[in-house]
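Data block below; observations after.
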Amino acid sequence: MATTALLVLDLVGTFAFALNGALTALRTTRLDIVGVVTLGMITALGGGTIRDVFLDSLPPATFVDWRYLAVAAGGGLIAFVAGPYLERLNGTINVLDAAGLSLFAVTGALKALDLGFGPAQAVIVGTITGVGGGTLRDVLIRQVPSVLTSGLYAVPALVGATAVVVADLLGTRGPVASISAAALCCTIRMVGVHFDVHAPFPPVRTRRERE
Amino acid sequence: MATTALLVLDLVGTFAFALNGALTALRTTRLDIVGVVTLGMITALGGGTIRDVFLDSLPPATFVDWRYLAVAAGGGLIAFVAGPYLERLNGTINVLDAAGLSLFAVTGALKALDLGFGPAQAVIVGTITGVGGGTLRDVLIRQVPSVLTSGLYAVPALVGATAVVVADLLGTRGPVASISAAALCCTIRMVGVHFDVHAPFPPVRTRRERE
Amino acid sequence: MATTALLVLDLVGTFAFALNGALTALRTTRLDIVGVVTLGMITALGGGTIRDVFLDSLPPATFVDWRYLAVAAGGGLIAFVAGPYLERLNGTINVLDAAGLSLFAVTGALKALDLGFGPAQAVIVGTITGVGGGTLRDVLIRQVPSVLTSGLYAVPALVGATAVVVADLLGTRGPVASISAAALCCTIRMVGVHFDVHAPFPPVRTRRERE
């Protein structure tokens, strides 16, 4: 896959996550401009930073490359200024979040493969890249991370990362496989949001709660 | 100490922590299968990951070696499926947790010594390895980490790590010293749980609260 | 700037943050001696640890160098023993915190420049070094981090780090520039505390809340 295409996908994901992170922050806690932009940047860059710690690829690419920093800060600032208008576009926000999740899961897994890690490691690191930034955001604003509670959040990332790793093992790696894997992840996520699908809950506990 | 023995101890600790972390998650928040297994894995692998950041031993051993990943995921899955039955065995869970704490404190300190760090660093890193995973778990499910509040949690880890470092300085390092240090840590922890022992509280504050 | 002078500034900042972190812990949650000292150490050493992850300068200097460990532990212990007396000196504590913030922002940015990072990276890493420890502390005791909510906390760190980077670009780097940048940061922080200044809040949200 052309490096430029990978970079563009990564930057689109960064922007989507910065916007989404800053908007989530605006909804839950009263923060000033520094807080909103900081949370946008942490959401956008956190997953890639954790990825690079796991892959021993420090200093993190998201920190060294000014384009990531600029796109993340820009997304946070736009959310700060235009927040009230964007909140009405709830659907758009969800799509952006699903796009960020998908792109990061795919690019994270590809980076692991490029650095010579095994398939299991690539799947795990892709998933962590996808869900990491949002998890840091939720910890900072004192929410239980959506990766733990919200229906189908980690699962689509896991599926997307697995798809791109399988494509690599089959020797069909390339832009088509990457975009397909991201689209698959994005679709599962959006179906999950739309129909409020959840992964299975623990057996007996659920029964108790129904009583 | 034979590498195999060290690995076995480490894997037993990983399994004990994955089981314990997933069960703690089941008790405090309503999580689906992804959330339960994720928290089990974070509890089991988090301490070793932080250890490897401090020791500049990236990528983390817990991430590169599939055995750690498999044992941690297995522990989380077992807790998910058999959670309600295991909760009745509260004593067993406490023993497993104490075992994980002890084994990680000892293996963490030994890894620091092997990599040429000083005794103070080995003691600190052993303690962090023991308490790190549970601390990450508690942050994610919004509990004040038990290392900060619960009587004797960090102290036994500190004692166990110190014992193994002293044994190393005295030239008596080996399986016997390691097992003894772990047993010492485990005993202190279990005595603390049983008699509800706490480290000293701040002087005046306690008096105020009693009034 | 002489290495010794940099080290002394860094250790003063470490002590100030350990004292402040432990006192904050005493105020908000009931912790025993292990919890108080641990939180003091995390507040004092956390920012430098995150800095060294970003700069790929692992193992962290704060962990390898016993002087940081000793000063941080000492500050936490003093706060534990003398906490009730120190709390009356609220002004002193605020000054110590501002001093820690300023010194870490400046020394963090200088370390990034020394390691060959660009100006934007140096400013960001200086700011993270200043606010990182307090953020970890707040997450552990379940507060929304003051960097997100409290008026002018990240801004002075950003200004101090920027000042020292600009001085470096102008070729006037040295003890005078460093102390001036730290003093500038410290002054802005203290003015912010005194007059309760905040960075701007989001536009419409504020209006809604006034209604």
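Details
- Within region B:52-66, the only residue that satisfies the criterion of being assigned to a loop (DSSP other than H, G, I, E, B) and more than 11 Å from chain A (Cβ to nearest Cβ) is B:Leu55.
- Selection of region B:77-97 for residues being of a type in the set (Phe, Trp, Tyr) and either touching a Lys or Arg at 6+ places or on another chain (Cβ under 7 Å) or modelled with pLDDT of 80 or more (or both) yields only B:Phe80.
- Some residue of region A:106-120 being under 16 Å from the mean Cα position of the chain (by Cα), at pLDDT below 90 and either of a type in the set (S, T, N, Q) or not in a loop (DSSP other than H, G, I, E, B) (or both): no
- Qualifying residues in region B:132-148 (those that are in contact with a Phe, Trp or Tyr (Cβ under 7 Å, 6 or more places away or on another chain) and of a type outside the set (A, V, I, L, M)) - the one nearest to B:Val193 (Cα to Cα): B:Ser146
- The residue of region B:16-44 that is farthest from C:Arg51 (Cα to Cα), among those that are part of a loop (DSSP other than H, G, I, E, B) and not basic (Lys, Arg), is B:Asp32.
- Within region A:145-162, not a single residue is farther than 29 Å from B:Arg30 by Cα and either of a type outside the set (A, V, I, L, M, F, W, C) or over 14 Å from the mean Cα position of the chain (by Cα) (or both).
- Against the numbered list (1) within 10 Å of another protein chain (Cβ to nearest Cβ); (2) at pLDDT 90 or above; (3) farther than 22 Å from C:Ala199 by Cβ, A:Leu69 comes up short only at (3).
- Count of region B:131-141 residues, restricted to those that are of a type in the set (A, V, I, L, M, F, W, C), touching a residue at least 60 places away in the same chain (Cβ under 8 Å) and either more than 10 Å from every other protein chain (Cβ to nearest Cβ) or within 21 Å of A:Gly133 (Cβ to Cβ) (or both), is 3.
- Looking across A:Ala18, A:Ala79, A:Ala72, A:Ala22, one residue alone is in contact (Cβ under 8 Å) with a residue 60 or more places away in the chain, farther than 24 Å from A:Val165 by Cβ and touching a Ser or Thr at 6+ places or on another chain (Cβ under 7 Å). It is A:Ala18.
- Scanning region A:144-180 for residues that are part of a loop (DSSP other than H, G, I, E, B), at the interface with chain B (Cβ under 8 Å from one of its Cβ atoms) and surrounded by fewer than 20 Cβ atoms within 10 Å (Cβ to Cβ) turns up A:Val144, A:Gly151.
- Condition met for A:Val64 (touching a helix residue (DSSP H, G or I) at 6+ places or on another chain (Cβ under 9 Å), free of Cβ contacts under 8 Å to residues at least 12 places away in the same chain and closer than 29 Å to C:Pro156 by Cβ): yes
- Hits in region A:114-143 (condition: surrounded by fewer than 21 Cβ atoms within 10 Å (Cβ to Cβ) and among the acidic types (Asp, Glu)): A:Asp114
The rows are residues; the columns are (1) in contact with a Pro (Cβ under 7 Å, 6 or more places away or on another chain); (2) under 20 Å from B:Val139 (Cβ atoms).
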position: B:Arg27; (1), (2): no, yes
position: B:Arg30; (1), (2): no, yes
position: B:Leu39; (1), (2): no, yes
position: B:Thr49; (1), (2): yes, yes
position: B:Ser57; (1), (2): no, no
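- The single residue among A:Gly100, A:Gly47, A:Gly13 that is in contact with a Phe, Trp or Tyr (Cβ under 6 Å, 6 or more places away or on another chain), part of a helix (DSSP H, G or I), more than 12 Å from chain C (Cβ to nearest Cβ) and closer than 24 Å to C:Thr49 by Cα turns out to be A:Gly47.
- When B:Ile124, B:Ile179, B:Ile188, B:Ile128 are screened for being over 27 Å from C:Ala72 (Cα atoms), at pLDDT 80 or above and not small (Gly, Ala, Ser), only B:Ile179 passes.
- Search result, residues across region B:112-130 that are touching a helix residue (DSSP H, G or I) at 6+ places or on another chain (Cβ under 7 Å) and more than 9 Å from chain C (Cβ to nearest Cβ): B:Ala112, B:Leu113, B:Pro119, B:Ala122, B:Val123, B:Gly126, B:Thr127, B:Ile128, B:Thr129, B:Gly130
- Cβ pairs under 6 Å, 6+ apart, first in region B:87-102 and crowded, with 22+ Cβ neighbours inside 10 Å, second of a type in the set (Gly, Ala, Ser) and at pLDDT 70 or above: B:Leu96/B:Ala16; B:Ala99/B:Ala16; B:Gly100/B:Gly13; B:Gly100/B:Ala16; B:Leu101/B:Gly130; B:Leu101/B:Ala157; B:Ser102/B:Gly160; B:Ser102/B:Ala182
- Residue within region B:52-66 that is crowded, with 24+ Cβ neighbours inside 10 Å, farther than 14 Å from A:Ala120 by Cα, within 14 Å of the chain's Cα centre (by Cα) and modelled with pLDDT of 90 or more present: no
The values are calculated or read from the model by the stated rules, or taken from the named source; none is laboratory data. Just so it is clear, the structure is predicted and the values come from calculations on it, not from any experiment. So basically every Cβ, Gly included, is an ideal-geometry build from the backbone, and we count neighbours across all protein chains shown.
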